[in-house]
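The values are calculated or read from the model by the stated rules, or taken from the named source; none is laboratory data. The structure displayed is predicted, hence computed values, not measured ones. Cβ coordinates were reconstructed from backbone atoms using ideal geometry, including for glycine residues, and neighbour counts include every protein chain displayed. Each accessible area value is taken on the protein alone, full model and side chains, heavy atoms only, with ligands, DNA and RNA left out. Shrake-Rupley method; radii C 1.70, N 1.55, O 1.52, S 1.80 Å.
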2 protein chains.
Amino acid sequence: MAAKKQLNGSADDVEAAFYDALSRADLDGMMALWAEDEEIVCIHPGAARLIGHAAIRSSWEAIFERGSVQIRPLQLHATHNMLTAVHSIVEEFQRPSDSSQDVHILATNVYVKTPRGWRITMHHASVASGKPPLDMFKASILH
Amino acid sequence: MAAKKQLNGSADDVEAAFYDALSRADLDGMMALWAEDEEIVCIHPGAARLIGHAAIRSSWEAIFERGSVQIRPLQLHATHNMLTAVHSIVEEFQRPSDSSQDVHILATNVYVKTPRGWRITMHHASVASGKPPLDMFKASILH
């Protein structure tokens, strides 16, 4: 845990740590990846906008009470400058076997460079209808 | 139109022009607000991710063929630095009178500073269940 809290890598490193924390239902590890700023924003698929650490932490706590979340971030499409990185991702997840609808999750993750390294300032995830796109020209697997 | 194409204002100005172009179904005016960069990303509510000018222009063209889009951007929540502005907005729109479900639209709009002024690099809009939040502490009306 200590190592996570001192994470000082790139936006890509923080993104990998984000999906890793999800896969382990690691609430403290997850929250340590966010900027120390009450302006942070989190939007879970279909849910209302959450602003600030307390609201965002509560939401992840409620999610993790139901278990860990296995997501593979695919088809990273990134734009960045010296201070900000904007990542657009297709989130591949294990769908319930009785699911009849084809859907996929799109996420926008925004990272800012802080004195302690890159941190999350925005996570906006939403449901898109249809199968995940075959984005051949841009396709990349993050890790 | 010429004035729109030479728009050189702040991210807030570009955002106002974006919702104005929607309200007038002004395709050229809309597209002039995006960064001249094939890395731009647009996600319409519930739809697949679009990357690049051609795909994004086509999507707005299809939308505008059905008419103009009246949206009021409310509850702007913004973070920014010298090069990037990230806006989170609740999009208030006229719901069909026969609509039985309470939903609202959340949008993440990312602007980058270019040599020609601030431009849109990302628009991610999605449907959230429930009524729009009463975000009293952060509430602001953009224009």
* Neighbourhood charge, 13 Å Cβ-Cβ cut-off, centred on B:A85 and excluding it, Lys, Arg +1 and Asp, Glu -1 -> -2
* Got the A:H53 label distances to the other copies yet, label 7 Å along Cα→Cβ, in nm, shortest first? -> 4.4
* Asked: Just counting partner chain Cβ atoms within 10 Å, what average do the residues of peptide A:119-130 show around their Cβ?
  -> 4
* Structure fact -> Inter-copy distances for B:D28, label 7 Å out on the Cα-Cβ vector, sorted ascending, nm, one decimal, are 6.0
* Run through the other copies and list how far each one's label point is from that of B:N8, in nm with one decimal, shortest first; the point sits 7 Å from Cα along Cα-Cβ. => 4.2
* To the nearest 100 Å², how much accessible surface do chains B and A cover up together, summed over both, with a 1.4 Å probe? -> 2600
* Structure fact -> Karplus-derived 3J(HN,Hα) from phi for region A:58-69 (6.51 cos²θ - 1.76 cosθ + 1.60, θ = phi - 60°), whole Hz, x at Gly and Pro, runs 4, 5, 5, 4, 5, 5, 6, 5, 8, x, 6, 10
* To do: Give a residue-ordered list of calculated ³J(HN,Hα) values for region B:35-48 (Karplus: 6.51 cos²θ - 1.76 cosθ + 1.60, θ = phi - 60°; whole Hz; x for Gly, Pro).
  => 4, 7, 7, 6, 8, 5, 10, 9, 10, 7, x, x, 9, 6
* To do: Be a star and scan region B:7-48 for residues whose amide nitrogen sits under 12 Å from the point 7 Å along the Cα-to-Cβ vector of B:Q70.
  => B:23-24
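Based only on Cα atoms, what Rg/Rh ratio does region A:2-129 have, Rh being taken as Kirkwood's radius? Kindly include the intermediate steps, with their values, before the conclusion.
Values: Rg = 14.2 Å, Rh = 15.0 Å.
Rounded to two decimals, Rg/Rh equals 0.95.
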